[in-house]
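Presented below is the structure to which this report refers.
Every read-out reported here was derived from the displayed coordinates using simple, explicitly stated rules and does not represent laboratory data. Worth saying up front: this structure is predicted, and the values here are computed from it rather than measured. In this analysis, Cβ positions are derived from the backbone assuming ideal geometry, glycine residues included, and neighbour counts consider all displayed protein chains.
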Amino acid sequence: MNAIDNLPPLRDVIETHGLNARKSLGQNFLLDLNLTSKIARQAGDVTECDVLEIGPGPGGLTRGLLAQGARRVLAIEKDARCLPALAGISDAYPDRLQVIEGDALEIDPLEYLTPPIRVAANLPYNVGTELLVRWLTPKAWPPYWQSLTLMFQLEVAHRITATPGSKAYGRLAILAQWRADAHIVIQLPPSAFTPPPKVSSAVVHLTALPEPRFPADAKILSRVVAAAFGQRRKMLRASLKGVAPDIEDRLIAAGIKPTERAEQVALEGFCALARAVAQK
């Protein structure tokens with residue numbers, strides 16, 4: 001029994017349109033509409049928002065978002081095979097779903113969306129991290145989106161939400177947590193997907209902060225963090241040697257021991273170091 005709308009169950013949709021998931025497109029479909037509705041609810045109140053969805057596939061999350069009352073959904077889909085299935089959803093929700101065939105990395109969604117905007121997606125695993133980094137590094141902050149509700153492989157989700165001292169802590173955690181609140185809100189076993197991937201997955205919800213958590217120049221912070229974690233086993237005085245010739249003095253000025261390793265330094269420390277490096 002399909003509980004959220006009057007459209008056919010997703011397994012029937014996939015069979016009707018011959019939508020076997022393609023590894024080359026990073027596809028793993030969610031077919032349980034109760035689960036896609038649960039994910040849609042994690043996006044918060046969407047009734048007054050436009051929602052951007054990347055890689056809707058047969059439309060499970062799309063239907064969840066529309067059933068939750070999303071004002072409008074813009075779905076960007078690279079796989080032309082999925083378009084007829086998505087057209088059926090569009091017919092059931094007149095004027096509330098726009099589908100664009102194309103590559104999400106090449107399309108400017110702001111041409112089609114009206115603020116406030118939320119993003120919700122079961123991201124194709126081969127572009128998920130790149131899209132997240134783009135959403136977190138716009139030219140100006142705050143960004144166009146209020147929140148991101150995104151499916152990742154569990155290992156990536158842990159890297160986004162990691163804390164200092166853990167193996168997962170690194171560039172992605174600092175990038176995400178500098179400008180957003182990030183939490184894992186749902187964990188999913190491989191069996192939740194068709195076909196089942198080899199690893200577990202998780203939904204991460206990120207809420208944009210009005211301004212970065214600590215002051216720092218974005219480019220300098222990125223350079224410092226990349227250098228520090230690029231050689232994470234080395235002490236910072238060695239891994240950051242290329243950042244500034246007097247890096248030990250700048251580390252001390254930022255309140256960081258030069259003998260520390262990158263994974264020991266909290267976000268606030270890296271921001272202080274970026275400010276110290278920026279000093280002439």
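Pull out a ≥ b ≥ c, the square roots of the eigenvalues of the alpha-carbon gyration tensor of segment 111-185, then state rounded if a/c is under 1.5, prolate if not and a/b is larger than b/c, and oblate in the remaining case.
On the way: a/c = 2.07, a/b = 1.51, b/c = 1.37.
Because a/c hits 1.5 or more and a/b exceeds b/c, segment 111-185 counts as prolate.
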Taking H placed 1.01 Å from N in the peptide plane, check which residues at least 5 places from LEU52 or on another chain put their amide H under 5 Å from its amide H.
-> LEU74, ARG118, VAL119, ALA120
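Tell me whether segment 46-151 comes out rounded, prolate or oblate; compute the Cα gyration tensor, take square roots of the eigenvalues as a ≥ b ≥ c, and use a/c under 1.5 as the rounded threshold. Each step should come with its number before you reach the end.
Working: a/c = 1.81, a/b = 1.27, b/c = 1.43.
Taking the square roots of the gyration eigenvalues as a ≥ b ≥ c, segment 46-151 is oblate.
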Per-residue ellipticity at 222 nm attributable to helices in the chain (runs of n ≥ 4 DSSP H, -39500 (n - 2.57) apiece, nearest 500 deg cm²/dmol) works out to -10000 deg cm²/dmol
Diffusion coefficient in µm²/s returned for the chain by Stokes-Einstein, Kirkwood Rh over C-alpha pairs, 10 °C and 1.306 mPa s, is 79 µm²/s
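Would you mind working out the magnitude of the charge dipole of the chain relative to its Cα centre, with +1 at each Lys and Arg C-beta and -1 at each Asp and Glu C-beta, to the nearest 20 Debye?
Details: 32 positive and 28 negative charges, 273 e Å.
Taking the Cα centre of the chain as origin, the dipole is about 1320 debye.
Rounded, prolate or oblate for segment 218-278? Axes are the square roots of the Cα gyration tensor eigenvalues, ordered a ≥ b ≥ c, and the cut-off for rounded is a/c under 1.5. Let's see the in-between values first.
Details: a/c = 1.19, a/b = 1.11, b/c = 1.06.
Because its axes are fairly even, with a/c under 1.5, segment 218-278 counts as rounded.
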Could you line up LYS234, LYS280 from fewest to most neighbouring Cβ atoms inside 10 Å?
-> LYS280, LYS234
HN-Hα couplings for segment 110-117 via Karplus (6.51, -1.76, 1.60; θ = phi - 60°), in whole Hz with x for Gly/Pro, come out as 5, 5, 10, 10, 10, x, x, 10
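Test of understanding: given the chain, find the longest segment containing no GluC sites (Glu not before Pro) that are in a DSSP loop and have at most 12 other Cβ atoms within 10 Å.
Values: sites that count: GLU48, GLU106.
Longest run free of exposed loop sites: 107-280.
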How much of the calculated P(r) for segment 170-234 lies past 16 Å, in percent of all Cα pairs?
-> 61 percent
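Would you work out the relative contact order for segment 218-278, in percent, from Cα pairs under 8 angstrom that are 6 or more residues apart? Working shown, then result.
Values: 72 pairs, mean separation 24.7, N = 61.
Across segment 218-278, relative contact order equals 40 percent.
Pairs LYS167/LYS257; LYS38/LYS78; LYS198/LYS241: which are spaced more than 31 Å apart, C-alpha to C-alpha?
Table pairs above 31 Å Cα-Cα are LYS198/LYS241.
Between ASP95 and TYR112, 0.36 nm times their residue separation minus their Cα-Cα distance comes to what?
On the way: separation 17, 0.36 × 17 = 6.12 nm, distance 1.29 nm.
Residue separation times 0.36 nm, minus the Cα-Cα distance, leaves 4.8 nm.
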